[in-house]
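Student: To start, I am sharing the structure in question, which I have written as structure tokens.
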Amino acid sequence: MGTQGTNKFKDYPGTPRGGASGAKAGGPSSEDPGDVPLCERRLTGVPLEEVGRCDYFRAHSTIPAVGTPVVVRKKLVGGRIGVETTGGELIGFLPTDYNYLLRCMKQGYSYAGQVTSIAAKPIPVVRVDLESSK
Amino acid sequence: MSTPKVCLVGQVLVDVTFPGRGQEPKLRLGGIAHAARALWAMNCPCVMAYIAPEYLDGAVAKFAAAHGQATVHKVGNVLGSPNVVTIGEPTEAGPQGYEFLLREEQNCILDVQTLTKACHDDSITDFLVFPGGFDLAATLREVGKTTAAVHVDANFQPDDPSAFGDLGRRFATVILSTSSRVFLDRYEGKVARLCESVLGAHAEALLLKENRGGSRFFLASQPGRAIQTPAHPRAVQHSVGVGDVFDAVYVVTRHGKDDRASLAYSSAVAAEYACTTYPDDFKGAAGATLQFSIEEITQLEGVSLPWEDRPSCQVYIAAPDFDYVDRQPIEEVVACLKYHNFTPRRPVVENGQMGVNASPERKQALCDADVKLIEDCQMMLAVLLFDDPGTLIEIGMAVQRGMPVVVYDPYHRAENLMLTQLPNLVSSSLDEVITAVFKYAARKQTA
């Protein structure tokens, strides 16, 4: 009779990561067991919040086009993490599920990407893809 | 300001998590080891006054050496049980499914002499006691002789708050979670009753942790007021020991920081603990989080939804909830919502299931009743078992009404453009679904 797994404690400092490689698309995921550091995961299709109330929409009465380059602002805006154009116009906020990006930025990571989908009605919606760099 | 040094008192366990989906089970030291990891991550000197079966002594010594050379005192032995806890639902989307092997056979023998010796360390600023299974009265009598602040995480014991009296003075903090049986049974889930029983009589402060709904902190000196701290829920790897990490960060950061800031750091670091089982990742994340300015950490928006506010959030369960369908995913969702004190509404169960040859009048009455129920609810949680027209139409109705719509898609069936794009969330992860329910319910409360 054979046994498998569960034969030693595996969480001492210095424990190497598992074998999987490559980031999982689609934002925070409970399916990735941590093989890719959280801060380095690629985020796809992230829906920004409060788009209709942010600078870009208020200035242009529209939303940025698909393909518009974006960056994550390092300084909080009213307690939220903002996503802006490379010119500094605030487009919207990341959902609070992504609050961990703030500490990732404290650890030296930056996030940039582009607008990947938009919808003007019934409420303005902007989705972005983001890649980390350090 | 004194440099904190924390003595943890309680059992060391072995946590066995079954993550499912073919992933290998993970073994970790649990019990007070979770709080010890948090202290290590903060570079805070730690004393582990632990109780465990002998076979774990070597592992505890190795753990302590690897985590900042923590001082170790074995203050109790365990007979009759391996102190192994299996965890069936690691994310705590719903009931965690803990199984403490041979719990009823467990016999903890406290070594009071060693405990006394551990307590003689005058550099200890705080004791954090995790009662459960061992002689609490004798433990509190010894700890109470010190001049250190004493905090107790009373999730498991004591059931009767008069047992706190053995400390001989008031606790700095009594800590409880809304998921604990003590809170749900002894205090019937009523926060006011808990405050009345504990604050002032036994504790200077009461910390109530409310899972994905944040926490509240009550002071005996300021009755009727609470400091509310948001949670930072996200997709998690596990929920085991996350509350213990919250405790430890709070105990340390209250030295030199005000309560609001201390609690905010605790919440954020605890969220990081839930995201990984790699200690080095956690330490890096905790260190970076503690670098947030007080302005940043106290302003960082999260989710605040007090326990007693949740029943008023009625969640319409849109699903083929028929007796001829395998309804297990629906039952799981409903159990999770009830576990977190939400009010799930099941139209088919409440209004009835249409018969094969139902009359037009009967069909209309059922339709009207279901539509009325949607109007009564604040949120929709659709369970997509197959392409059920009723479920899909209800999703569309809710979206059109501006109602938050969360779709649980356990079988990965959602492909249609409207279905994937219009709801607030479509996910096959129950953890993500429940987290989204908290988020949108909290927004409804503050809207």
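What follows draws every value from the coordinates through simple rules; no lab data is involved. Since the structure is predicted, the reported quantities are computational estimates derived from the model, not experimental observations. Ideal geometry is used to build each Cβ from the backbone, glycine not excepted, and the neighbour counts take in all protein chains shown.
Student: For the range B:119-163 and the range B:349-373, what is the separation of their C-alpha centers, rounded to whole Å?
Tutor: Their Cα centres are 58 Å away from one another.
Student: Contour minus end-to-end for B:Asp323 and B:Asn43, with contour as 0.36 nm per residue of separation and end-to-end as the Cα-Cα distance?
Tutor: Stretched out fully, the B:Asp323 to B:Asn43 stretch lengthens by 95.2 nm.
Student: Still on this structure, please answer the following. Just for the Cα atoms in the protein assembly as shown, what are the lengths along the principal axes, largest first, rounded to whole Å?
Tutor: So the extents along the principal axes, rounded to whole Å, are 76, 62, 61.
Student: Pairs to check: B:Lys209/B:Lys283; B:Lys338/B:Lys439; A:Lys10/A:Lys106; A:Lys75/B:Lys283. Give those whose C-alpha atoms are more than 19 Å from each other in this structure.
Tutor: Those over the limit are B:Lys209/B:Lys283; A:Lys10/A:Lys106; A:Lys75/B:Lys283.
Student: Take the Cα atoms of the range A:47-133, find their three principal axes, and give me the spread along each one in whole Å, biggest first.
Tutor: 37, 25, 22
Student: Let me ask something additional. Report ³J(HN,Hα) in whole Hz for each residue of the range B:165-180, in order, from the Karplus equation J = 6.51 cos²θ - 1.76 cosθ + 1.60 where θ = phi - 60°; Gly and Pro get x.
Tutor: For the range B:165-180, the Karplus curve yields x, 5, 5, x, 7, 7, 5, 5, 8, 9, 10, 9, 10, 5, 8, 7 Hz.
Student: Which residues' amide hydrogens lie under 5 Å from the amide hydrogen of B:Ala318, considering only partners 5 or more residues apart or on another chain, with H built in the peptide plane?
Tutor: Those lying under 5 Å, H to H, from B:Ala318 are B:Leu381, B:Ala382, B:Val383.
Student: Which angle from 0 to 90°, rounded to the nearest 10, does the C-alpha axis of helix B:328-339 make with the longest principal axis of chain B?
Tutor: Taking the Cα atoms of chain B, the angle to B:328-339 is about 50 degrees.
Student: In addition: Residues in the range B:322-359 near a label at B:Asn416, defined as backbone nitrogen under 19 Å from the 7 Å Cα→Cβ point?
Tutor: B:322
Student: Here is a further query. Remind me, what semi-axes does the range B:51-202 give for its equivalent ellipsoid, largest first in whole Å, using sqrt of 5 times each Cα gyration tensor eigenvalue?
Tutor: Ellipsoid semi-axes (Å, largest first): 25, 23, 14.
Student: For the range B:227-236, in order, what is each residue's ³J(HN,Hα) by Karplus, 6.51 cos²θ - 1.76 cosθ + 1.60 with θ = phi - 60°, in whole Hz (x at glycine and Pro)?
Tutor: 8, 9, 10, x, 8, 10, x, 7, 4, 10
Student: A:Lys8: which aspartates and glutamates have alpha carbons under 15 Å from its alpha carbon, excluding same-chain residues fewer than 8 sequence positions away?
Tutor: Those aspartates and glutamates meeting the cut-off are B:Asp15, B:Glu24, B:Asp57.
Student: Still on this structure, please answer the following. Which part of the range A:98-113 falls in the paramagnetic zone of A:Lys74, meaning amide N under 19 Å from the point 7 Å along Cα-to-beta-carbon?
Tutor: Residues passing the 19 Å test: A:99-113.
Student: Taking the Cα-to-Cβ direction at B:Leu79 and at B:Ala65 and moving 7 Å from each Cα, how far apart do the two end points lie in nm?
Tutor: 3.0
Student: Along the Cα→Cβ direction, 7 angstrom out, place labels at B:Tyr55 and B:Asp185. What is the inter-label distance in nm?
Tutor: 2.9
Student: Please list, in chain and number order, the residues 5+ apart from B:Val72 or on another chain whose amide H is under 5 Å from its amide H, with Hs placed from the backbone.
Tutor: B:Met48
Student: Moving on to the next point. Fewest first, what order do B:Arg260, B:Arg225 take by the number of other Cβ atoms within 10 Å?
Tutor: Least to most surrounded, the residues fall as B:Arg225, B:Arg260.
Student: With the Cα gyration tensor of the range B:6-299 giving a ≥ b ≥ c as the square roots of its eigenvalues, does the rule (a/c under 1.5 for rounded; else a/b larger than b/c for prolate; else oblate) give rounded, prolate or oblate? Show your work: numbers first, answer last.
Tutor: On the way: a/c = 1.24, a/b = 1.04, b/c = 1.19.
Rounded.
Student: Whole-Hz Karplus ³J(HN,Hα) for the range A:108-115, in order, using 6.51 cos²θ - 1.76 cosθ + 1.60 and θ = phi - 60°, x for Gly and Pro?
Tutor: x, 7, 10, 10, 9, x, 8, 6
Student: Report the calculated FRET efficiency for A:Ser61 and B:Ser312 (r = Cβ-Cβ distance, R0 = 51 Å), to the nearest 0.05. Mind dumping the intermediate values first?
Tutor: Working: r = 37 Å, r/R0 = 0.73.
Given R0 = 51 Å and the Cβ-Cβ separation, E is 0.85.
Student: What is the antiparallel percent of DSSP beta bridges lying wholly in the protein assembly as shown, to the nearest 5? Don't skip to the end; give the middle numbers.
Tutor: Values: 46 of 93 bridges.
Here the antiparallel bridges make up roughly 50 percent for the protein assembly as shown.
Student: Among DSSP beta bridges lying fully in the range B:6-299, give the percent that are antiparallel, nearest 5.
Tutor: 40
Student: What are the principal axis extents of the Cα atoms in the range B:307-446, in Å, biggest first?
Tutor: Its Cα atoms span 43, 33, 28 Å along the three principal axes.
Student: Related question: Taking loop as defined by DSSP and a crowding limit of 10 other beta carbons within 10 Å, which GluC sites (Glu not before Pro) in the range B:110-201 fit?
Tutor: B:Glu188
Student: For B:Lys372, list the aspartates and glutamates whose Cα falls under 19 Å from its own Cα; do not include residues on the same chain fewer than 8 positions away.
Tutor: Candidates past the 8-residue exclusion: B:Asp321, B:Glu350, B:Glu361, B:Glu394.
Student: For B:Met418, B:Met354, B:Met48, what ranking results if the residue with the fewest other Cβ atoms within 10 Å of its Cβ goes first? Before the final figure, lay out each step's value.
Tutor: Details: B:Met418 11, B:Met354 15, B:Met48 29.
By the 10 Å Cβ count, ascending, the order reads B:Met418, B:Met354, B:Met48.
Student: Specify the angular offset, from 0 to 90 degrees and rounded to the nearest 10, of the alpha carbon long axis of helix B:32-41 from the longest principal axis of the alpha carbons in chain B.
Tutor: That works out to roughly 80 degrees.
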